[in-house]
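The values are calculated or read from the model by the stated rules, or taken from the named source; none is laboratory data. Just so it is clear, the structure is predicted and the values come from calculations on it, not from any experiment. FYI the Cβ positions are ideal-geometry reconstructions off the backbone, even for glycines, and counts take in every protein chain you see.
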Amino acid sequence: MRNFSQAQSDLELASSLAALEPTDGWEPDGDPNPYNLPLSSRHFNIQYHLGLSRYLQADYVGAVRAYEALPTTGRYANDESIAATSHWHYMALRRSGMAADDAAARALSLIHPGMRALDGGAYLELCLFYKGLTPQPPIDANATELELATLGYGVANWYWYEGRHDDAVKLWERVVNTSYWAAFGLIASEAELFRLGRLHGLRTHTQRRRARAPLRRGFEALVQ
């Protein structure tokens with residue numbers, strides 16, 4: 001629904017309730033991998049999405065705090081959750097404008113080639129690129145629309161904080177016209193374009209799904 005502030009409020013409440021119940025557990029994935037192995041726990045999902053709700057409102061410092069609270073070891077930590085967290089944590093640090101290079105590097109310290117990627121590996125590919133372990137942005141002509149939504153947002157973000165703003169905007173505009181209207185990369189691209197005054201007038205896939213009213217209400221909250 002793109003109502004980020006209400007999502008943040010709900011997730012902060014969920015986080016406080018979860019703190020009262022130390023017993024965690026695996027949460028079934030909405031789109032199971034071929035091995036039908038859950039990749040994230042209930043407590044992880046609350047904190048991870050709390051970070052995302054803050055990130056989408058450009059509260060990058062708040063997002064960093066949420067991501068830094070996520071465990072990187074233990075029963076419920078795995079390669080997929082580490083890659084996903086590292087991706088958003090790194091981007092939040094870079095976009096905050098307050099992160100030293102060593103802090104950003106620490107966000108990627110657990111990333112290495114050969115990590116398991118039962119979720120498709122898009123976050124891992126981006127992290128390897130951010131870390132300089134792959135030479136080129138991980139987008140090619142054969143990328144599916146879901147891969148483009150995820151990879152495209154990350155690469156566009158990299159363009160942005162490297163000063164290539166026109167390239168970033170063009171890629172964000174390309175992402176919002178993919179078909180995966182619920183992908184986090186597409187939602188984040190919409191938020192970026194909205195803040196730049198570039199979303200209105202684009203005939204996005206989300207708008208074609210008659211999501212105009214909730215989309216508008218959610219994004220208007222970003223600039224209040």
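Condition check ((1) assigned to a helix (DSSP H, G or I); (2) basic (Lys, Arg); (3) surrounded by fewer than 12 Cβ atoms within 10 Å (Cβ to Cβ); (4) in contact with an Asp or Glu (Cβ under 9 Å, 6 or more places away or on another chain)) across all residues:
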{"residue": "SER9", "(1), (2), (3), (4)": "yes, no, no, no"}
{"residue": "GLU12", "(1), (2), (3), (4)": "yes, no, no, no"}
{"residue": "GLU21", "(1), (2), (3), (4)": "no, no, yes, no"}
{"residue": "GLY30", "(1), (2), (3), (4)": "no, no, yes, no"}
{"residue": "PRO34", "(1), (2), (3), (4)": "no, no, yes, no"}
{"residue": "LEU37", "(1), (2), (3), (4)": "no, no, no, yes"}
{"residue": "PHE44", "(1), (2), (3), (4)": "yes, no, no, yes"}
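How about the range 154-173: which of its residues are of a type in the set (Lys, Arg) and either modelled with pLDDT under 95 or assigned to a loop (DSSP other than H, G, I, E, B) (or both)?
Within the range 154-173, just ARG164 meets the criteria.
Condition (residue is at pLDDT below 90, part of a loop (DSSP other than H, G, I, E, B) and hydroxyl-bearing (Ser, Thr, Tyr)) applied to the range 125-146: is it met by at least one residue?
Checked against the condition, which is being at pLDDT below 90, part of a loop (DSSP other than H, G, I, E, B) and hydroxyl-bearing (Ser, Thr, Tyr), the range 125-146 yields at least one hit.
Just to verify a result, which residue in the range 97-111, among those that are under 17 Å from ALA77 (Cα atoms) and in contact with a Leu (Cβ under 8 Å, 6 or more places away or on another chain), is modelled with the highest pLDDT?
ILE111
It is to be established whether one or more residues within the range 104-116 are touching a Gly at 6+ places or on another chain (Cβ under 7 Å) and touching a residue at least 24 places away in the same chain (Cβ under 8 Å). Write out each step before concluding.
First, pick out the residues of the range 104-116 that are touching a Gly at 6+ places or on another chain (Cβ under 7 Å): none.
No, the range 104-116 has no match at all.
So ALA191 passes all but one of these: (1) assigned by TED's automatic domain parsing to the domain that holds HIS89; (2) under 24 Å from GLY97 (Cα atoms). Which condition number does it fail?
Just one mismatch for ALA191, condition (1).
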